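Values in this text are rule-based calculations from the coordinates and carry no lab data. Only a predicted model underlies this, so the values are computations on that prediction, with no experimental measurement involved. Because the Cβ atoms are built from the backbone with ideal geometry, glycine has one as well, and the counts that use them run over all protein chains shown.
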Amino acid sequence: MYGARGWNLHHNTDLWRITGPVDGGFYGMWPMGGAWLSQHLWQHYLFTGDKHFLKKYYPVLKGAALFYVDVLQEEPKHKWLVVAPSMSPENTYQSGVGISAGTTMDNQLVFDVFNNFLQSATILASDASLADTVSNMLKRLPPMQIGQHGQLQEWLEDWDRANDKHRHVSHLYGLFPAAQVSPYTNPQLFEAARNSLVYRGDKSTGWSMGWKVNLWARLLDGDRAYKLIADQLSPASLETKGQNGGTYPNLFDAHPPFQIDGNFGCTSGIAEMLLQSHDGALHILPAIPTNWKHGSIQGLIARGGFVVDIKWADGKVTYLKIQSRLGGNCRLRLNHFLKPVTAFVQLWKASGANSNPFYFVPDIRKPLISDKAKLAGNTIEETALFDFKTMPGKTYEFISK
């Protein structure tokens, strides 16, 4: 279909599950299904450190990258490399028109596909020539852009509408599930992503509200994430039409007839509220809501093979246990200092990049910002970074000072 190497598949909604374009101009043609699904393979490796798994599925990651090496087109204005044609699934930038090129979500997905391949090729010492090509193409992807409303642009052009309440928030893929928007290294993008989410509003279909729990958790706003969980759990009518969200009496999320991703999305969001490990460190209680003043959680898994138990009171960690399956440096992001239970553990203030390879953070280009954009800055909780060394199979405990 494309005359390209590698592999790809499109979004598909019909019974036969073929991989080519099927239906719906604003979703069935979307050529990013392969890019999306391949993320799960790389994330599995980041959480498990299983090199045998990575070697087995490396051809899949390589093939996904090879496809975009062949199909990206040069955008005439800036000479960026973009996917064309494509769309920001199921949204439109003007009445009835959604086909475009270089949409923000596409750019973010290709960024991840290329980075995943480059890291995999380095780990496995493979395909140096292709890695060089991909590395050069990576530099030509469009930067994220902040539009006239202070929003993270959904399209290559500044076409967003401040009153757009569409249930999809595709352009926030870079915030979640990807790790391309950080309050610490790119605060302007962080603020713009927040503005976009505010514009979209809270109430929506059940699955969309599940997404928004995760997005607000990544925005470090526990109270807003909690509100979305409450909205999601509000009773839904049994009507077979409508987009009002909520939860049916059988506890499935409401999007007639139902879509299970709302249920799974909320559980994912709750985990993100309690522990995040995508931004170079284990961030403990990153988005704890006011209503969860006291509590505990056991067995949360972080990248790099860390297993985490947390107890807290008044929103502060009182006890932290970390089991290290793989060893290596463990970097903690905390809102107050914790004391190791045993004297042989040394906790020191971190500096520079995390030496643990599972916590490598790719460089994100500075965004292009519209002259009309008014950014107010971010207000987030003050935290500090601490490092300590771990050994495979060992457990480390900390308590409040």
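Starting from 0.36 nm per residue, how many nanometres of slack lie between residue 291 and residue 251 once their C-alpha separation is accounted for? It would help to have the intermediate numbers written out before the result.
Working: separation 40, 0.36 × 40 = 14.40 nm, distance 2.21 nm.
Fully extending the segment from residue 291 to residue 251 adds 12.2 nm.
For region 57-157, which trypsin sites (Lys or Arg not before Pro) are both in a DSSP coil and crowded by at most 13 other Cβ atoms within 10 Å?
77, 79, 139
Taking just the alpha carbons, could you work out the radius of gyration and Dmax for region 223-310, both in angstroms?
15.4, 45
Run the numbers for residue 375 and residue 353: contour at 0.36 nm per residue of separation, minus the present Cα-Cα distance, in nm.
That works out to 5.1 nm of additional length.
Please state the relative contact order of the chain as a whole percent: Cα pairs under 8 Å, 6+ residues apart?
13
Return the Rg/Rh value of region 265-401, two decimal places, where both radii are evaluated on C-alpha atoms and Rh is the Kirkwood radius.
1.01
Quick check: from the Cα gyration tensor, does region 151-306 come out rounded (a/c under 1.5), prolate or oblate?
Taking the square roots of the gyration eigenvalues as a ≥ b ≥ c, region 151-306 is oblate.
Taking neighbour counts of Cβ atoms within 10 Å as a proxy for exposure, in what order, fewest first, do 266, 330 appear?
The order, fewest Cβ neighbours first, is 330, 266.
Ignoring the sites themselves, what is the longest stretch of the chain with no chymotrypsin sites (Phe, Trp or Tyr not before Pro) in a DSSP loop and at most 11 other beta-carbon atoms within 10 Å?
Details: sites that count: 2, 16, 344.
Segment 17-343 is the longest.
Could you compute the longest span of the chain free of GluC sites (Glu not before Pro) located in DSSP loops and having at most 16 other Cβ atoms within 10 Å, not counting the site residues?
The segment 1-156 is the longest one with no such site.
Using only Cα atoms, locate the centre of region 295-317 and the centre of region 65-132, then give the distance between them in Å, rounded to an integer.
First find each Cα centre; the distance between them is then 36 Å.
What do you get when you divide the Cα radius of gyration of the chain by 2.2 N^0.38 Å, with N the number of residues?
Here the answer is 1.00, to two decimals.
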